[in-house]
Amino acid sequence: MSAIQACQQDGTPFDLETEILTAKGARKWVRVSAEAERHADGSITRVQGAFQDITDQKHLEQQYLRAQRMESIGTLASGIAHDLNNVLAPILLSIGLLQEDEHEAERLETLGTIEASAKRGAAMVSRLLSFARGADGRREDVQLPPLVRDLATIVRDTFPKNIAFEDRLSPDLWALQADATQLHQVLLNLSVNARDAMPAGGQITLTAKNIVIDESYAALNIDARSGRYVTIAVEDTGTGISKEIIDKIFDPFFTTKEMGKGTGLGLATSMAIVTGHQGFMRVYSNPQTGTRFEVYLPAHTTRAKRASAVTAVVHPRGQGEMVLVVDDEAGIREIARRTLEAFGYRVLLAGDGAEAVALYVQHQADIAVVLTDMMMPLMDGTATIRELVRLNPRVRIVATSGLAADANAAGAADARVLYFLPKPYTAETLLTAIRAALPPLPGRGSEH
């Protein structure tokens with residue numbers, strides 16, 4: 001640093017703030033101050049100073065600035081809401097007149113789509129206005145399938161034809177206590193982001209399913225609480241998000257789009273809406289295969305029903321089999337170890353593929369199944385699987401990843417991948433996957 005050099009050379013003291021990268025790859029803000037000590041003759045003997053971690057202070061300052069910007073947005077929204085509603089009003093009025101004189105089914109369907117979109121636009125103006133001012137939206141029982149069907153119609157009618165849209169909804173989805181307009185806005189924002197990430201076309205896949213989050217998963221996610229959730233995932237096959245910016249994408253006004261093509265408010269607004277519904281969001285991305293956003297929203301169930309459902313789950317237990325867990329995330333390795341050991345398994349841990357192969361060579365006779373992540377540095381899941389199969393063609397493997405596209409990669413790597421476990425997984429899904437990959441217990445049929 002030039003300030004340190006100047007202090008060493010001529011004794012100039014300094015006090016500055018700068019961002020550094022730690023040995024573990026984390027970014028930290030520090031305050032650095034120093035001054036020179038001198039001999040009686042004025043020569044510099046040494047420079048002494050101090051480093052102070054001010055990361056939390058910087059985050060508070062950023063939150064304060066974001067709050068000020070959101071307040072400005074609220075003021076702006078107040079000024080334009082009236083004009084926007086005046087723009088939408090004649091559209092809605094005209095649609096009514098056109099429908100009176102129209103009898104062709106296809107045109108009536110098109111008018112219905114325009115009317116629904118215009119009404120949603122008017123509701124969105126109102127909701128965004130109240131949201132910017134800090135007011136909560138109106139909560140009511142919401143069934144997800146109608147919202148997804150409406151979204152699918154908009155995507156297929158308005159997105160480029162080289163972008164395919166597919167929805168995969170579990171047939172027994174739990175209801176949500178939510179603001180339907182805000183929830184629709186979240187799904188549309190994520191779909192638009194997916195569209196923009198695929199300028200040459202691709203696939204958008206929206207999946208929704210029920211999930212029970214247990215204490216093990218909640219312990220790894222500060223925003224999560226144990227209980228029933230509906231999880232909604234929007235996945236694309238686009239350009240992906242680099243590791244350098246993935247931590248910033250939910251910041252207000254952050255955008256990688258060209259000037260005039262993005263405000264940087266879509267994901268920030270979506271995150272705020274989901275958080276306001278006591279839910280949370282996660283993002284998984286690979287620059288080669290695309291991005292997956294996952295939204296977790298609490299299911300609307302009574303406390304008694306929730307309690308009975310959670311306690312009714314019976315987790316499959318092990319019989320002392322050894323599991324090799326391979327994941328570059330230390331927190332995931334540790335919670336997987338604790339879960340597996342609590343349910344009767346022995347566990348070995350590896351932080352990457354190379355370490356996993358070394359451990360397998362040493363303990364091949366004892367390892368019953370390998371649980372490996374597909375996305376790891378140095379030696380990824382595909383390379384790890386191939387090396388393990390070379391060592392033992394009968395090895396039993398469970399592959400795991402946050403991207404559904406990696407399920408195909410795992411299957412292509414080798415037929416010894418007996419089960420694919422999507423992240424994030426709960427104790428129930430982990431134990432079920434491990435049990436399914438093992439041979440049937442004596443006296444029982446297959447537990448797949």
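Readers should treat all values here as calculations from the given coordinates under stated rules, not as data from a laboratory. Keep in mind it's a predicted model, so treat the numbers as computed, not measured. Because the Cβ atoms are built from the backbone with ideal geometry, glycine has one as well, and the counts that use them run over all protein chains shown.
When the Karplus curve 6.51 cos²θ - 1.76 cosθ + 1.60 is applied with θ = phi - 60°, which whole-Hz ³J(HN,Hα) does each residue of the stretch 358-368 get, with x for Gly and Pro?
For the stretch 358-368, the Karplus-derived couplings read 4, 5, 5, 4, 6, 10, 4, 5, 9, 6, 8 Hz, x marking Gly and Pro.
Which cross-chain or sequence-distant (5 or more) residues have an amide H under 5 Å from the amide H of Leu421, H modelled 1.01 Å from N in plane?
Ala399, Thr400, Ser401
Order by neighbour count: Met376, Met322, Met271, fewest other Cβ atoms within 10 Å first, most last.
Met322, Met271, Met376
Extension gain Phe250-Val87, at 0.36 nm per residue separation less the Cα-Cα distance, in nm?
Contour length minus the Cα-Cα distance gives 55.7 nm.
Once you list every other residue whose beta carbon is under 14 Å from the beta carbon of Pro13, what net charge do they have if Lys and Arg are +1 and Asp and Glu are -1?
With Lys, Arg at +1 and Asp, Glu at -1, the neighbours total -1.
Through the Karplus equation 6.51 cos²θ - 1.76 cosθ + 1.60, θ set to phi - 60°, convert the phi angles of the stretch 104-116 into ³J(HN,Hα) values in whole Hz; use x for Gly and Pro.
Karplus values, whole Hz, x for Gly and Pro: 7, 4, 5, 5, 5, 5, 5, 5, x, 5, 5, 5, 4.
What residues qualify as long-range amide H neighbours of Gly240, i.e. H under 5 Å apart, gap of 5 or more or another chain, H built at 1.01 Å from N?
Hits under the 5 Å cutoff: Gly290, Thr291.
For the stretch 239-251, take each phi angle, set θ = phi - 60°, evaluate the Karplus expression 6.51 cos²θ - 1.76 cosθ + 1.60, and give the result in whole Hz per residue in order, putting x for glycine and proline.
So the J values, rounded to whole Hz, are 6, x, 10, 6, 5, 5, 10, 5, 6, 9, 5, 8, 6.
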